[in-house]
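Student: Quick one: structure below, then a few questions.
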Amino acid sequence: MVKVTLGSTGITVNKNGFGALPIQRIGDTDAVKLIQKAYTAGVDFFDTARFYTDSEKKLGLALKDVRDKVYIATKTAAETPEELKEQLEISLRNLQTDYIDLYQFHNPSFCPKPGDGTGLYEAMLEAKAEGKIRHIGITNHRLAVANEAIDSGLYETLQFPFCYLATEKDIELVQKCKEKNMGFIAMKALSGGLITNAKAAYAFEAFYENVLPIWGIQREQELDEFLSFIDNPPEMTEEIKAFIEKDKKELSGDFCRGCGYCMPCPAGIEINNCARMSLLLRRSPSELQLTKEVQEKMKKIENCLHCNQCKSKCPYGLDTPKLLVKNYEDYKKVLAGEVSVK
Ligand code: SF4
Ligand code: SF4
């Protein structure tokens, strides 16, 4: 079994971490079954967030009897120390535990530091001194904040999007974390559903020994595929390398990574999915994208106010409103049967 140590935390776990965002979409019984199956097969790192509605509660239900055998990471998007304390108590209650192994700031727009006037980092230190959290981490989608967090020496882990579509600058983050003995947790290792070859996704992550990918799992079939990697970890073969190169070419240029950094949208458009609909239609089962619910979401593009808020926030420099229109036009053609996605 391949293991990863998260830098100075000393947390050493199976290289297949469990990302508990998607379990929000399934019922308690199915979620508990999935989590317990993962645990029984050797998965021992579970990542959730206060923001993921009932995800913490489901993890608590599933893991309460094996609490001392697993590591639980959660996140807070608190903006004040009071809010942080309040959220931490809720997380502890939901997770049915009296400590969190890794407590992370959830994608803040700046890097919290002691003395910055927000009191957020001090609140983290207080929670640590009280034994309610064991390690302090940060998650982010912005390169600048991630770099500042690494340079600050204040954080034991960084959670950042990292998949085989990563840029040189993303790879630099991984290397910097290694040099600073800081743990690196890879989110969106499947690029929010755009990467459909799990073997290639794993082989890429396996190449970086200090990286712990957390797979966002919702279906038993997806879980089974990742569990099979525990005994047979895919390696970077010539065949996989060629596949990745081909996929990178296909996905190069102006495509939306689904990070959601441009949201919320004042017109209520679910930009992180709508702006990459053409890709989702072709790279995942198209019927999932053609439901009434998704059609209604796509129709909201007609209400775009062209305020350009999204465009100014996109870290990939995308012309988001234009991309939305392009995706909507394509979507309507697919719906009308004028374009085939098979
Ligand atoms: S330009 Fe349109 S899609 Fe972008 S934030 Fe404004 S309303 Fe939303
Ligand atoms: S448009 Fe840009 S910021 Fe918005 S979800 Fe896509 S990649 Fe992320």
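The values are calculated or read from the model by the stated rules, or taken from the named source; none is laboratory data. Computed from a predicted structure; not experimentally measured. Neighbour counts are summed over all protein chains in view; Cβ atoms, including those assigned to glycine, are modelled from backbone coordinates with ideal geometry.
Student: If you go through the range 138-158 one residue at a time, do you hit one that is farther than 20 Å from residue 12 by Cα, surrounded by 15 or more Cβ atoms within 10 Å (Cβ to Cβ) and of a type in the set (Lys, Arg)?
Tutor: yes
Student: Can you name the helices (runs of 4 or more DSSP H) wholly within the range 205-287 that have at least 1 residues being within 16 Å of ligand 2 (Cβ to nearest atom) and polar (S, T, N, Q)?
Tutor: So the answer is 271-274, 277-283.
Student: Quickly run through the range 247-271 and pick out the residues that are surrounded by 18 or more Cβ atoms within 10 Å (Cβ to Cβ) and in contact with a Leu (Cβ under 9 Å, 6 or more places away or on another chain).
Tutor: Passing the criteria: 247, 255, 256, 257, 258, 262, 265, 269, 271.
Student: Right, next: Within the bounds of the range 261-284, is there any residue that is modelled with pLDDT under 85, under 22 Å from residue 216 (Cα atoms) and not assigned by TED's automatic domain parsing to the domain that holds residue 324?
Tutor: Looking for residues that are modelled with pLDDT under 85, under 22 Å from residue 216 (Cα atoms) and not assigned by TED's automatic domain parsing to the domain that holds residue 324, one finds at least one in the range 261-284, hence yes.
Student: Hey, another quick one. In the range 297-317, which residues are farther than 10 Å from residue 262 by Cα, part of a loop (DSSP other than H, G, I, E, B) and more than 6 Å from ligand 1 (Cβ to nearest atom)?
Tutor: Scanning the range 297-317 gives 316, 317.
Student: Separate question: How many of the residues making up the range 320-329 are surrounded by 19 or more Cβ atoms within 10 Å (Cβ to Cβ) and more than 9 Å from ligand 1 (Cβ to nearest atom)?
Tutor: Qualifying residue count, the range 320-329: 3.
Student: Same structure again: Could you name every one of the helices (runs of 4 or more DSSP H) located completely within the range 71-175 that has at least 3 residues being under 23 Å from residue 316 (Cα atoms)?
Tutor: So the answer is 143-152.
Student: Going by the conditions given, is residue 317 within 12 Å of ligand 2 (Cβ to nearest atom) and surrounded by fewer than 13 Cβ atoms within 10 Å (Cβ to Cβ)?
Tutor: Criteria met by residue 317.
Student: So, one more: Going through 184, 162, 243 one at a time, which residue ends up being more than 30 Å from residue 111 (Cβ to Cβ) and either surrounded by 15 or more Cβ atoms within 10 Å (Cβ to Cβ) or of a type in the set (A, V, I, L, M, F, W, C) (or both)?
Tutor: The conditions single out 243.
Student: Further, regarding this structure: Looking at the range 28-53 only, could you name the residues that are in a loop (DSSP other than H, G, I, E, B) and either at pLDDT 95 or above or of a type in the set (Val, Ile, Thr) (or both)?
Tutor: 42, 43, 44, 48, 49, 50, 53
Student: Still on this structure, I have one more. Scanning the range 291-321 for residues that are among the aliphatic types (A, V, I, L, M) and modelled with pLDDT of 95 or more, which turns out farthest from residue 333 (Cα to Cα)?
Tutor: Once the filter is applied, the top-ranked residue is 305.
Student: Then there's this: Determine whether the range 247-258 contains at least one residue that is among the aromatic types (Phe, Trp, Tyr) and more than 16 Å from ligand 1 (Cβ to nearest atom).
Tutor: The answer is yes; a qualifying residue exists.
Student: If I go through the range 290-314 residue by residue, how many of them are away from ligand 2 (no atom under 14 Å from the Cβ), in contact (Cβ under 8 Å) with a residue 40 or more places away in the chain and surrounded by 14 or more Cβ atoms within 10 Å (Cβ to Cβ)?
Tutor: Residues in the range 290-314 being away from ligand 2 (no atom under 14 Å from the Cβ), in contact (Cβ under 8 Å) with a residue 40 or more places away in the chain and surrounded by 14 or more Cβ atoms within 10 Å (Cβ to Cβ): 1 in total.
Student: Something else now. Across the range 67-82, which residue is surrounded by the fewest Cβ atoms within 10 Å (Cβ to Cβ) among those that are more than 18 Å from residue 128 (Cα to Cα) and of a type in the set (Lys, Arg)?
Tutor: 69
Student: Which of the residues spanning the range 278-289 are surrounded by 14 or more Cβ atoms within 10 Å (Cβ to Cβ) and either touching a strand residue (DSSP E or B) at 6+ places or on another chain (Cβ under 8 Å) or more than 28 Å from residue 144 (Cβ to Cβ) (or both)?
Tutor: 278, 280, 281, 282, 283, 286, 289
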